[in-house]
(Lines give C-alpha, C1' and ligand atoms only; values in the text may rest on other atoms or scores of the structure.)
Protein backbone atom coordinates (compact mmCIF):
# COMPACT_ATOMS: atom_id res chain seq x y z
CA UNK A 1 0.00 0.00 0.00
CA UNK A 2 1.26 3.42 -0.88
CA UNK A 3 -1.16 5.50 1.16
CA UNK A 4 -3.60 3.07 2.74
CA UNK A 5 -6.53 5.19 1.59
CA UNK A 6 -9.94 3.59 1.07
CA UNK A 7 -9.75 4.38 -2.64
CA UNK A 8 -6.39 2.67 -2.94
CA UNK A 9 -7.61 -0.43 -1.08
CA UNK A 10 -10.69 -0.74 -3.29
CA UNK A 11 -8.62 -0.38 -6.47
CA UNK A 12 -5.92 -2.77 -5.28
CA UNK A 13 -8.63 -5.35 -4.48
CA UNK A 14 -9.98 -4.81 -8.00
CA UNK A 15 -13.42 -3.81 -6.76
CA UNK A 16 -15.17 -1.44 -9.18
CA UNK A 17 -14.44 1.97 -7.63
CA UNK A 18 -16.76 4.97 -7.57
CA UNK A 19 -15.52 8.47 -6.87
CA UNK A 20 -17.64 11.60 -6.61
CA UNK A 21 -17.09 15.30 -6.65
CA UNK A 22 -17.76 18.13 -4.23
CA UNK A 23 -17.15 21.75 -5.18
CA UNK A 24 -16.20 23.95 -2.20
CA UNK A 25 -18.39 27.00 -1.60
CA UNK A 26 -17.72 30.60 -2.68
CA UNK A 27 -17.69 31.65 0.92
CA UNK A 28 -16.64 30.50 4.36
CA UNK A 29 -19.86 28.62 5.05
CA UNK A 30 -19.23 25.16 6.49
CA UNK A 31 -22.89 24.20 6.20
CA UNK A 32 -22.67 24.15 2.38
CA UNK A 33 -19.95 21.50 2.53
CA UNK A 34 -21.91 19.56 5.17
CA UNK A 35 -25.07 19.62 3.08
CA UNK A 36 -23.29 18.38 -0.06
CA UNK A 37 -21.36 15.77 1.94
CA UNK A 38 -24.59 14.37 3.42
CA UNK A 39 -25.74 13.24 -0.03
CA UNK A 40 -22.41 11.65 -0.91
CA UNK A 41 -21.70 9.76 2.31
CA UNK A 42 -21.89 5.99 1.79
CA UNK A 43 -22.65 6.53 -1.90
CA UNK A 44 -19.10 6.91 -3.21
CA UNK A 45 -15.68 5.60 -2.13
CA UNK A 46 -13.95 8.97 -2.16
CA UNK A 47 -14.75 12.48 -3.28
CA UNK A 48 -12.78 14.93 -5.42
CA UNK A 49 -12.56 18.29 -3.69
CA UNK A 50 -11.99 20.76 -6.48
CA UNK A 51 -9.30 23.45 -6.33
CA UNK A 52 -10.81 26.80 -7.35
CA UNK A 53 -12.38 25.16 -10.38
CA UNK A 54 -12.97 27.30 -13.46
CA UNK A 55 -10.54 29.73 -11.80
CA UNK A 56 -13.25 31.07 -9.49
CA UNK A 57 -12.17 31.79 -5.93
CA UNK A 58 -13.59 29.20 -3.55
CA UNK A 59 -12.79 27.78 -0.14
CA UNK A 60 -9.31 26.18 -0.21
CA UNK A 61 -9.49 22.59 -1.39
CA UNK A 62 -7.39 21.33 1.56
CA UNK A 63 -9.80 23.03 4.00
CA UNK A 64 -12.90 21.65 2.30
CA UNK A 65 -11.12 18.24 2.21
CA UNK A 66 -10.69 18.37 5.99
CA UNK A 67 -14.37 19.30 6.38
CA UNK A 68 -15.23 16.32 4.16
CA UNK A 69 -13.23 14.03 6.43
CA UNK A 70 -15.15 15.39 9.42
CA UNK A 71 -18.35 14.49 7.58
CA UNK A 72 -17.20 10.92 7.05
CA UNK A 73 -16.02 11.19 3.45
CA UNK A 74 -12.61 10.36 2.05
CA UNK A 75 -11.34 13.33 0.01
CA UNK A 76 -9.38 13.29 -3.23
CA UNK A 77 -7.59 16.58 -2.69
CA UNK A 78 -7.27 18.38 -6.03
CA UNK A 79 -4.26 20.60 -6.59
CA UNK A 80 -3.80 22.81 -9.65
CA UNK A 81 -0.56 24.39 -10.90
CA UNK A 82 -2.20 27.72 -11.75
CA UNK A 83 -2.07 29.53 -8.42
CA UNK A 84 0.96 28.45 -6.41
CA UNK A 85 4.65 27.95 -6.93
CA UNK A 86 6.52 24.80 -5.97
CA UNK A 87 7.25 26.06 -2.46
CA UNK A 88 3.57 26.66 -1.66
CA UNK A 89 2.48 23.42 -3.33
CA UNK A 90 4.88 21.19 -1.40
CA UNK A 91 3.99 23.04 1.78
CA UNK A 92 0.27 22.43 1.16
CA UNK A 93 0.94 18.73 0.50
CA UNK A 94 2.64 18.42 3.88
CA UNK A 95 -0.21 20.26 5.55
CA UNK A 96 -2.85 18.19 3.77
CA UNK A 97 -1.19 14.93 4.81
CA UNK A 98 -0.81 16.12 8.40
CA UNK A 99 -4.57 16.81 8.46
CA UNK A 100 -5.43 13.30 7.29
CA UNK A 101 -5.69 13.69 3.51
CA UNK A 102 -4.41 10.59 1.67
CA UNK A 103 -5.43 11.01 -2.00
CA UNK A 104 -4.24 13.85 -4.20
CA UNK A 105 -5.12 14.71 -7.79
CA UNK A 106 -2.54 16.71 -9.72
CA UNK A 107 -3.90 19.04 -12.42
CA UNK A 108 -2.78 21.91 -14.63
CA UNK A 109 -5.89 23.94 -13.76
CA UNK A 110 -8.31 26.00 -15.79
CA UNK A 111 -6.80 29.20 -17.17
CA UNK A 112 -7.38 32.32 -15.00
CA UNK A 113 -9.14 34.00 -17.93
CA UNK A 114 -12.21 31.82 -17.30
CA UNK A 115 -12.63 32.88 -13.72
CA UNK A 116 -13.58 35.90 -11.69
CA UNK A 117 -9.99 37.22 -11.48
CA UNK A 118 -8.87 37.31 -15.12
CA UNK A 119 -6.27 39.97 -14.29
CA UNK A 120 -4.41 37.77 -11.81
CA UNK A 121 -0.85 36.59 -12.43
CA UNK A 122 -0.88 32.98 -13.54
CA UNK A 123 1.82 30.93 -11.85
CA UNK A 124 2.39 27.58 -13.61
CA UNK A 125 5.83 27.30 -11.98
CA UNK A 126 5.56 23.56 -12.64
CA UNK A 127 3.13 21.62 -14.82
CA UNK A 128 0.88 18.74 -13.77
CA UNK A 129 3.39 16.06 -14.76
CA UNK A 130 6.15 17.80 -12.83
CA UNK A 131 3.76 18.01 -9.86
CA UNK A 132 3.12 14.26 -10.06
CA UNK A 133 6.91 13.72 -10.07
CA UNK A 134 7.19 15.94 -7.00
CA UNK A 135 4.47 14.14 -5.00
CA UNK A 136 5.95 10.75 -5.87
CA UNK A 137 9.41 11.85 -4.81
CA UNK A 138 8.06 13.25 -1.54
CA UNK A 139 6.27 9.95 -0.87
CA UNK A 140 8.79 7.38 -2.13
CA UNK A 141 12.14 9.07 -1.53
CA UNK A 142 11.18 11.38 1.32
CA UNK A 143 12.67 14.31 -0.55
CA UNK A 144 11.48 17.71 -1.64
CA UNK A 145 11.91 18.81 -5.24
CA UNK A 146 15.12 20.49 -4.13
CA UNK A 147 16.47 17.14 -2.98
CA UNK A 148 16.51 17.99 0.71
CA UNK A 149 15.13 15.45 3.19
CA UNK A 150 11.57 15.40 4.55
CA UNK A 151 11.23 14.40 8.21
CA UNK A 152 7.84 12.66 7.86
CA UNK A 153 6.91 11.67 4.32
CA UNK A 154 3.45 12.56 2.99
CA UNK A 155 2.25 9.18 1.72
CA UNK A 156 -0.30 10.14 -0.90
CA UNK A 157 -2.16 8.03 -3.44
CA UNK A 158 -1.54 9.99 -6.64
CA UNK A 159 -4.25 10.76 -9.15
CA UNK A 160 -4.13 12.43 -12.53
CA UNK A 161 -6.57 13.65 -15.15
CA UNK A 162 -6.93 12.37 -18.66
CA UNK A 163 -8.85 13.82 -21.58
CA UNK A 164 -9.12 11.42 -24.52
CA UNK A 165 -11.35 13.95 -26.33
CA UNK A 166 -8.88 16.80 -26.88
CA UNK A 167 -6.44 17.33 -29.72
CA UNK A 168 -3.93 16.02 -30.53
CA UNK A 169 -5.77 12.71 -30.01
CA UNK A 170 -2.74 10.57 -30.81
CA UNK A 171 -0.74 12.32 -28.10
CA UNK A 172 -3.26 11.48 -25.35
CA UNK A 173 -1.93 7.97 -24.82
CA UNK A 174 1.66 9.32 -24.79
CA UNK A 175 0.57 11.82 -22.14
CA UNK A 176 -1.05 9.05 -20.11
CA UNK A 177 2.18 7.04 -20.33
CA UNK A 178 4.18 10.09 -19.22
CA UNK A 179 1.92 10.60 -16.22
CA UNK A 180 2.35 6.93 -15.26
CA UNK A 181 6.10 7.26 -15.58
CA UNK A 182 5.92 10.40 -13.43
CA UNK A 183 4.07 8.46 -10.72
CA UNK A 184 0.32 8.55 -11.31
CA UNK A 185 -1.42 5.68 -9.50
CA UNK A 186 -4.87 6.34 -10.93
CA UNK A 187 -6.60 8.40 -13.61
CA UNK A 188 -9.96 10.07 -13.82
CA UNK A 189 -11.07 11.05 -17.30
CA UNK A 190 -12.83 14.16 -18.49
CA UNK A 191 -16.63 13.73 -18.76
CA UNK A 192 -17.32 11.09 -21.40
CA UNK A 193 -20.15 11.59 -23.88
CA UNK A 194 -18.52 10.31 -27.05
CA UNK A 195 -18.49 6.59 -26.24
CA UNK A 196 -17.07 5.56 -29.60
CA UNK A 197 -13.96 7.65 -29.16
CA UNK A 198 -13.60 6.52 -25.55
CA UNK A 199 -13.80 2.82 -26.47
CA UNK A 200 -11.09 3.37 -29.06
CA UNK A 201 -8.91 5.16 -26.54
CA UNK A 202 -9.28 2.41 -23.92
CA UNK A 203 -8.44 -0.24 -26.49
CA UNK A 204 -5.20 1.56 -27.34
CA UNK A 205 -4.39 2.11 -23.66
CA UNK A 206 -4.98 -1.62 -23.06
CA UNK A 207 -2.76 -2.56 -26.00
CA UNK A 208 0.02 -0.34 -24.65
CA UNK A 209 -0.32 -1.95 -21.20
CA UNK A 210 -1.16 1.40 -19.62
CA UNK A 211 -4.31 0.19 -17.87
CA UNK A 212 -2.24 -2.46 -16.09
CA UNK A 213 0.15 0.13 -14.71
CA UNK A 214 -2.45 2.56 -13.35
CA UNK A 215 -6.15 2.43 -12.51
CA UNK A 216 -8.46 4.09 -14.98
CA UNK A 217 -11.75 5.63 -13.81
CA UNK A 218 -14.22 6.75 -16.46
CA UNK A 219 -15.64 10.25 -16.00
CA UNK A 220 -19.45 10.40 -16.06
CA UNK A 221 -21.55 13.55 -15.85
CA UNK A 222 -25.33 13.16 -15.93
CA UNK A 223 -26.85 15.90 -18.08
CA UNK A 224 -29.52 17.84 -16.23
CA UNK A 225 -31.15 19.47 -19.22
CA UNK A 226 -30.88 20.28 -22.90
CA UNK A 227 -29.42 23.66 -21.91
CA UNK A 228 -26.63 21.99 -19.96
CA UNK A 229 -25.90 19.58 -22.83
CA UNK A 230 -25.58 22.48 -25.26
CA UNK A 231 -23.48 24.48 -22.79
CA UNK A 232 -21.09 21.55 -22.28
CA UNK A 233 -20.82 21.07 -26.04
CA UNK A 234 -20.21 24.70 -26.92
CA UNK A 235 -18.59 26.37 -23.93
CA UNK A 236 -16.66 23.90 -21.81
CA UNK A 237 -13.10 23.37 -23.04
CA UNK A 238 -12.11 19.84 -23.94
CA UNK A 239 -15.61 18.31 -23.78
CA UNK A 240 -17.04 16.42 -26.74
CA UNK A 241 -20.84 16.04 -26.70
CA UNK A 242 -21.97 14.25 -29.88
CA UNK A 243 -25.11 15.50 -31.63
CA UNK A 244 -26.80 12.15 -30.96
CA UNK A 245 -26.73 12.89 -27.22
CA UNK A 246 -28.12 16.40 -27.77
CA UNK A 247 -30.90 14.91 -29.92
CA UNK A 248 -31.73 12.29 -27.33
CA UNK A 249 -32.11 14.88 -24.56
CA UNK A 250 -34.04 17.18 -26.89
CA UNK A 251 -36.34 14.30 -27.77
CA UNK A 252 -38.01 14.16 -24.37
CA UNK A 253 -40.25 16.65 -22.52
CA UNK A 254 -38.40 19.32 -20.59
CA UNK A 255 -39.54 17.81 -17.29
CA UNK A 256 -38.14 14.44 -18.32
CA UNK A 257 -34.73 15.70 -19.49
CA UNK A 258 -32.99 15.24 -16.13
CA UNK A 259 -34.32 11.70 -15.94
CA UNK A 260 -33.12 11.00 -19.47
CA UNK A 261 -29.69 12.41 -18.54
CA UNK A 262 -29.49 10.00 -15.62
CA UNK A 263 -30.62 7.12 -17.85
CA UNK A 264 -27.80 7.88 -20.30
CA UNK A 265 -25.29 8.02 -17.42
CA UNK A 266 -26.53 4.66 -16.10
CA UNK A 267 -26.22 3.06 -19.54
CA UNK A 268 -22.65 4.35 -19.74
CA UNK A 269 -21.82 3.01 -16.27
CA UNK A 270 -23.22 -0.42 -17.21
CA UNK A 271 -20.88 -0.52 -20.18
CA UNK A 272 -17.91 0.70 -18.11
CA UNK A 273 -18.46 -2.04 -15.51
CA UNK A 274 -17.83 -4.63 -18.21
CA UNK A 275 -15.14 -2.74 -20.14
CA UNK A 276 -11.66 -4.26 -20.06
CA UNK A 277 -9.12 -1.87 -18.59
CA UNK A 278 -11.54 0.15 -16.47
CA UNK A 279 -11.20 0.15 -12.68
CA UNK A 280 -14.14 2.35 -11.83
CA UNK A 281 -16.20 5.43 -12.50
CA UNK A 282 -15.72 9.05 -11.51
CA UNK A 283 -19.18 10.58 -11.13
CA UNK A 284 -19.22 14.33 -11.60
CA UNK A 285 -22.75 15.39 -10.71
CA UNK A 286 -22.06 19.09 -11.09
CA UNK A 287 -24.03 21.07 -8.47
CA UNK A 288 -26.30 18.03 -8.33
CA UNK A 289 -24.91 16.29 -5.27
CA UNK A 290 -28.42 15.71 -3.90
CA UNK A 291 -29.26 13.50 -6.89
CA UNK A 292 -26.19 11.28 -6.39
CA UNK A 293 -27.96 8.69 -4.19
CA UNK A 294 -30.62 8.21 -6.88
CA UNK A 295 -28.04 7.99 -9.68
CA UNK A 296 -25.86 5.53 -7.79
CA UNK A 297 -28.91 3.43 -6.90
CA UNK A 298 -30.15 3.36 -10.50
CA UNK A 299 -26.63 2.53 -11.74
CA UNK A 300 -26.66 -0.50 -9.38
CA UNK A 301 -23.45 0.62 -7.70
CA UNK A 302 -24.71 0.07 -4.14
CA UNK A 303 -23.76 -0.98 -1.58
CA UNK A 304 -20.21 0.38 -1.70
CA UNK A 305 -17.56 -2.14 -0.65
CA UNK A 306 -16.32 -2.04 2.95
CA UNK A 307 -12.52 -2.13 3.09
CA UNK B 1 12.83 42.89 -30.70
CA UNK B 2 11.05 44.48 -27.76
CA UNK B 3 7.54 45.56 -28.69
CA UNK B 4 5.96 48.52 -26.94
CA UNK B 5 2.79 50.55 -27.06
CA UNK B 6 2.39 54.25 -26.27
CA UNK B 7 0.58 54.77 -22.98
CA UNK B 8 -2.81 56.52 -23.05
CA UNK B 9 -2.40 60.30 -23.33
CA UNK B 10 -4.24 60.94 -20.05
CA UNK B 11 -1.85 58.64 -18.18
CA UNK B 12 1.20 60.40 -19.65
CA UNK B 13 -0.33 63.76 -18.73
CA UNK B 14 -0.87 62.65 -15.16
CA UNK B 15 2.75 61.44 -14.96
CA UNK B 16 4.23 64.76 -16.10
CA UNK B 17 1.72 66.94 -14.27
CA UNK B 18 3.42 69.81 -12.45
CA UNK B 19 6.53 69.83 -14.65
CA UNK B 20 6.81 72.75 -17.02
CA UNK B 21 9.83 71.94 -19.21
CA UNK B 22 9.96 68.39 -20.50
CA UNK B 23 12.47 66.56 -22.68
CA UNK B 24 10.78 63.69 -24.53
CA UNK B 25 13.47 61.18 -25.48
CA UNK B 26 13.00 58.77 -28.35
CA UNK B 27 14.81 55.52 -28.97
CA UNK B 28 16.01 54.51 -32.41
CA UNK B 29 16.09 50.83 -31.42
CA UNK B 30 13.22 48.41 -30.93
CA UNK B 31 10.50 50.92 -30.07
CA UNK B 32 11.25 52.91 -33.22
CA UNK B 33 10.99 49.77 -35.34
CA UNK B 34 7.61 48.86 -33.83
CA UNK B 35 6.41 52.42 -34.46
CA UNK B 36 5.97 53.27 -30.79
CA UNK B 37 8.94 55.36 -29.68
CA UNK B 38 11.12 56.66 -32.52
CA UNK B 39 11.55 60.32 -33.56
CA UNK B 40 8.27 60.31 -35.48
CA UNK B 41 6.33 59.07 -32.45
CA UNK B 42 8.17 61.61 -30.24
CA UNK B 43 6.96 64.39 -32.54
CA UNK B 44 3.39 63.07 -32.57
CA UNK B 45 3.23 62.71 -28.79
CA UNK B 46 4.74 66.16 -28.25
CA UNK B 47 2.16 67.72 -30.56
CA UNK B 48 -0.68 65.94 -28.78
CA UNK B 49 0.60 66.96 -25.35
CA UNK B 50 1.17 70.56 -26.43
CA UNK B 51 -2.32 70.88 -27.93
CA UNK B 52 -3.97 69.22 -24.98
CA UNK B 53 -2.15 71.39 -22.43
CA UNK B 54 -2.87 74.52 -24.44
CA UNK B 55 -6.57 73.67 -24.49
CA UNK B 56 -6.46 73.28 -20.72
CA UNK B 57 -4.36 76.41 -20.21
CA UNK B 58 -1.57 74.38 -18.62
CA UNK B 59 1.86 75.77 -19.40
CA UNK B 60 4.09 73.17 -21.09
CA UNK B 61 7.33 73.42 -23.01
CA UNK B 62 8.25 70.11 -24.57
CA UNK B 63 11.17 69.23 -26.85
CA UNK B 64 12.11 65.95 -28.43
CA UNK B 65 15.40 64.22 -29.13
CA UNK B 66 16.04 60.69 -30.25
CA UNK B 67 19.22 58.68 -29.82
CA UNK B 68 20.28 55.49 -31.56
CA UNK B 69 19.44 53.30 -28.52
CA UNK B 70 18.60 54.20 -24.93
CA UNK B 71 20.02 50.94 -23.61
CA UNK B 72 23.60 51.80 -24.50
CA UNK B 73 25.76 54.21 -22.54
CA UNK B 74 27.56 55.62 -25.59
CA UNK B 75 24.25 56.81 -27.06
CA UNK B 76 22.52 57.83 -23.82
CA UNK B 77 25.41 60.17 -23.04
CA UNK B 78 24.22 62.38 -25.91
CA UNK B 79 21.52 63.61 -23.53
CA UNK B 80 24.11 64.84 -20.98
CA UNK B 81 24.37 68.30 -22.48
CA UNK B 82 20.58 68.76 -22.64
CA UNK B 83 19.00 67.41 -19.48
CA UNK B 84 20.08 70.35 -17.32
CA UNK B 85 17.60 72.62 -19.11
CA UNK B 86 14.56 70.46 -18.28
CA UNK B 87 12.41 69.78 -15.22
CA UNK B 88 11.66 66.19 -16.18
CA UNK B 89 12.36 63.57 -18.85
CA UNK B 90 9.85 61.46 -20.73
CA UNK B 91 11.19 58.31 -22.36
CA UNK B 92 9.74 56.47 -25.31
CA UNK B 93 12.19 53.58 -24.98
CA UNK B 94 11.37 50.23 -23.37
CA UNK B 95 11.55 49.86 -19.59
CA UNK B 96 15.28 49.14 -19.83
CA UNK B 97 15.88 52.49 -21.55
CA UNK B 98 13.72 54.37 -19.03
CA UNK B 99 15.71 52.90 -16.16
CA UNK B 100 19.03 53.53 -17.84
CA UNK B 101 18.13 57.21 -18.16
CA UNK B 102 16.89 57.38 -14.56
CA UNK B 103 20.13 55.77 -13.42
CA UNK B 104 22.25 58.25 -15.37
CA UNK B 105 20.30 61.32 -14.22
CA UNK B 106 19.38 60.47 -10.62
CA UNK B 107 18.29 64.05 -9.82
CA UNK B 108 15.78 64.20 -12.69
CA UNK B 109 12.33 62.62 -12.66
CA UNK B 110 12.15 60.18 -15.60
CA UNK B 111 8.72 58.97 -16.78
CA UNK B 112 7.79 56.17 -19.19
CA UNK B 113 5.63 57.03 -22.18
CA UNK B 114 5.59 53.43 -23.41
CA UNK B 115 4.27 50.15 -22.03
CA UNK B 116 6.87 47.54 -22.96
CA UNK B 117 4.78 44.52 -23.82
CA UNK B 118 6.79 41.61 -25.18
CA UNK B 119 9.68 40.28 -27.22
CA UNK B 120 8.21 39.59 -30.60
CA UNK B 121 8.36 39.56 -34.35
CA UNK B 122 7.08 41.88 -37.04
CA UNK B 123 4.56 39.75 -38.96
CA UNK B 124 3.68 42.65 -41.26
CA UNK B 125 3.54 46.44 -41.05
CA UNK B 126 1.96 47.33 -37.72
CA UNK B 127 1.39 43.67 -36.77
CA UNK B 128 3.55 42.29 -33.97
CA UNK B 129 3.38 38.94 -32.20
CA UNK B 130 5.08 37.70 -29.06
CA UNK B 131 7.57 34.89 -29.46
CA UNK B 132 9.91 34.90 -26.46
CA UNK B 133 9.64 35.35 -22.69
CA UNK B 134 13.43 35.62 -22.22
CA UNK B 135 13.01 32.84 -19.64
CA UNK B 136 16.72 32.08 -19.53
CA UNK B 137 16.50 28.35 -20.22
CA UNK B 138 15.51 27.87 -23.86
CA UNK B 139 13.55 24.72 -24.67
CA UNK B 140 13.00 25.35 -28.39
CA UNK B 141 15.43 22.55 -29.19
CA UNK B 142 12.98 19.88 -28.08
CA UNK B 143 9.73 21.62 -28.96
CA UNK B 144 10.21 21.91 -32.70
CA UNK B 145 11.07 25.60 -32.60
CA UNK B 146 7.72 26.58 -31.00
CA UNK B 147 7.99 28.10 -27.53
CA UNK B 148 5.65 26.51 -24.96
CA UNK B 149 6.60 29.13 -22.36
CA UNK B 150 5.31 31.92 -24.61
CA UNK B 151 2.74 30.27 -26.87
CA UNK B 152 1.04 27.90 -24.39
CA UNK B 153 -1.33 29.85 -22.13
CA UNK B 154 -0.26 27.66 -19.21
CA UNK B 155 3.44 27.44 -20.15
CA UNK B 156 3.31 23.64 -20.01
CA UNK B 157 6.42 21.55 -20.71
CA UNK B 158 5.05 18.05 -21.09
CA UNK B 159 2.28 18.29 -23.65
CA UNK B 160 -1.15 19.85 -23.99
CA UNK B 161 -3.62 20.25 -21.13
CA UNK B 162 -7.09 18.79 -21.52
CA UNK B 163 -8.51 22.04 -22.82
CA UNK B 164 -7.85 22.41 -26.57
CA UNK B 165 -11.00 23.10 -28.58
CA UNK B 166 -10.13 21.51 -31.88
CA UNK B 167 -6.71 23.01 -32.60
CA UNK B 168 -7.39 26.18 -30.59
CA UNK B 169 -6.31 27.07 -27.09
CA UNK B 170 -9.01 26.84 -24.42
CA UNK B 171 -8.51 30.56 -23.82
CA UNK B 172 -9.68 31.64 -27.28
CA UNK B 173 -10.67 30.15 -30.60
CA UNK B 174 -8.35 32.72 -32.20
CA UNK B 175 -5.26 31.42 -30.41
CA UNK B 176 -3.78 28.19 -31.75
CA UNK B 177 -2.87 25.53 -29.18
CA UNK B 178 0.93 25.60 -28.95
CA UNK B 179 1.13 21.91 -28.12
CA UNK B 180 -1.01 20.85 -31.07
CA UNK B 181 1.45 22.81 -33.24
CA UNK B 182 4.47 21.31 -31.46
CA UNK B 183 3.05 17.81 -31.84
CA UNK B 184 2.39 18.28 -35.55
CA UNK B 185 5.79 19.76 -36.30
CA UNK B 186 7.71 17.10 -34.40
CA UNK B 187 5.62 14.35 -35.97
CA UNK B 188 6.37 15.79 -39.39
CA UNK B 189 10.07 15.76 -38.58
CA UNK B 190 9.85 12.27 -37.08
CA UNK B 191 11.02 13.67 -33.73
CA UNK B 192 8.11 12.72 -31.42
CA UNK B 193 10.59 11.05 -29.06
CA UNK B 194 11.52 14.59 -27.98
CA UNK B 195 8.22 14.89 -26.14
CA UNK B 196 7.74 11.31 -25.00
CA UNK B 197 10.19 11.78 -22.16
CA UNK B 198 9.39 13.81 -19.05
CA UNK B 199 10.82 17.30 -18.90
CA UNK B 200 11.47 17.96 -15.25
CA UNK B 201 10.80 21.16 -13.31
CA UNK B 202 12.88 23.94 -14.76
CA UNK B 203 15.12 26.68 -13.48
CA UNK B 204 13.13 29.89 -13.94
CA UNK B 205 16.13 32.13 -13.24
CA UNK B 206 13.89 35.00 -12.26
CA UNK B 207 14.84 35.19 -8.59
CA UNK B 208 17.34 38.00 -9.04
CA UNK B 209 18.12 40.58 -11.70
CA UNK B 210 19.73 38.99 -14.73
CA UNK B 211 23.37 39.75 -15.46
CA UNK B 212 25.71 38.29 -18.06
CA UNK B 213 29.38 39.13 -18.34
CA UNK B 214 31.14 37.31 -21.11
CA UNK B 215 34.09 35.19 -20.02
CA UNK B 216 36.51 37.15 -22.14
CA UNK B 217 35.52 40.35 -20.32
CA UNK B 218 35.41 39.00 -16.76
CA UNK B 219 38.86 40.32 -15.90
CA UNK B 220 37.78 43.78 -16.95
CA UNK B 221 34.70 43.99 -14.68
CA UNK B 222 35.35 41.48 -11.93
CA UNK B 223 35.86 44.13 -9.23
CA UNK B 224 32.52 45.68 -10.15
CA UNK B 225 30.69 42.36 -10.35
CA UNK B 226 30.75 41.46 -6.64
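The values are calculated or read from the model by the stated rules, or taken from the named source; none is laboratory data. What you are looking at is a predicted structure, and each value in this text was computed from that prediction instead of being measured. Please note: Cβ atoms are built from the backbone with ideal geometry, for glycine as well, and neighbour counts cover all protein chains shown.
Give, as residue ranges, the helices (runs of 4 or more DSSP H) completely inside the stretch B:141-226 that count at least 1 residues that are loosely packed, with under 13 Cβ neighbours inside 10 Å.
Counting at least 1 such residues, we get B:178-188, B:218-225.
Give me the residue from the stretch A:75-98 that is within 20 Å of the chain's Cα centre (by Cα) and in a loop (DSSP other than H, G, I, E, B) and, out of that set, surrounded by the most Cβ atoms within 10 Å (Cβ to Cβ).
Looking at residues that are within 20 Å of the chain's Cα centre (by Cα) and in a loop (DSSP other than H, G, I, E, B), I get A:81.
Conditions tested, residue by residue: (1) in a loop (DSSP other than H, G, I, E, B); (2) within 10 Å of chain B (Cβ to nearest Cβ); (3) in contact with a helix residue (DSSP H, G or I) (Cβ under 7 Å, 6 or more places away or on another chain).
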| position | (1), (2), (3) |
| --- | --- |
| A:110 | yes, yes, yes |
| A:139 | no, no, no |
| A:151 | yes, no, no |
| A:158 | no, no, yes |
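Please go through the stretch A:270-304 and give me each residue that is surrounded by fewer than 20 Cβ atoms within 10 Å (Cβ to Cβ) and assigned to a helix (DSSP H, G or I), ordered by number.
A:270, A:271, A:273, A:274, A:290, A:291, A:293, A:294, A:297, A:298
Exactly one condition in (1) more than 30 Å from residue A:235 (Cα to Cα); (2) touching a helix residue (DSSP H, G or I) at 6+ places or on another chain (Cβ under 6 Å); (3) part of a helix (DSSP H, G or I) is false for residue A:101; which is it?
The failed condition is (3).
Per-residue answers, yes or no, for (1) within 19 Å of residue B:23 (Cα to Cα); (2) away from chain A (no Cβ under 14 Å):
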{"site": "B:59", "(1), (2)": "yes, yes"}
{"site": "B:88", "(1), (2)": "yes, yes"}
{"site": "B:100", "(1), (2)": "yes, yes"}
{"site": "B:111", "(1), (2)": "yes, yes"}
{"site": "B:121", "(1), (2)": "no, yes"}
{"site": "B:128", "(1), (2)": "no, yes"}
{"site": "B:151", "(1), (2)": "no, no"}
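Would you be able to say whether some residue in the stretch A:200-207 is within 14 Å of chain B (Cβ to nearest Cβ), under 26 Å from residue A:104 (Cα atoms) and either assigned to a helix (DSSP H, G or I) or free of Cβ contacts under 8 Å to residues at least 12 places away in the same chain (or both)?
Checking the stretch A:200-207: at least one residue is within 14 Å of chain B (Cβ to nearest Cβ), under 26 Å from residue A:104 (Cα atoms) and either assigned to a helix (DSSP H, G or I) or free of Cβ contacts under 8 Å to residues at least 12 places away in the same chain (or both).
Any chance the stretch A:62-74 includes a residue that's assigned to a strand (DSSP E or B) and either on the phi > 0 side of the Ramachandran plot or touching a helix residue (DSSP H, G or I) at 6+ places or on another chain (Cβ under 6 Å) (or both)?
No - not one qualifying residue is present in the stretch A:62-74.
So which residues in the stretch A:166-194 are farther than 13 Å from residue B:196 by Cβ and facing chain B (nearest Cβ under 8 Å), if there are any at all?
Listed by number, the residues that qualify are A:166, A:167, A:168, A:190.
List, please: which pairs have Cβ atoms under 8 Å, are six or more places apart or on different chains, and start with a residue in the stretch B:187-210 that is under 15 Å from residue B:133 (Cα atoms) and end with one that is at pLDDT 90 or above and in a helix (DSSP H, G or I)?
As it stands, the answer is none, since no pair meets every condition given.
Among the candidates A:59, A:43, which residue alone is more than 19 Å from residue A:217 (Cα to Cα), part of a loop (DSSP other than H, G, I, E, B) and under 18 Å from the mean Cα position of the chain (by Cα)?
A:59
Given (1) under 28 Å from residue B:120 (Cβ atoms); (2) crowded, with 17+ Cβ neighbours inside 10 Å, identify the lone condition not met by residue B:73.
(2)
If we keep just the residues of the stretch B:2-14 that are touching a strand residue (DSSP E or B) at 6+ places or on another chain (Cβ under 8 Å) and crowded, with 16+ Cβ neighbours inside 10 Å, which is nearest to residue B:107 (Cα to Cα)?
Checking each candidate, the answer is B:12.
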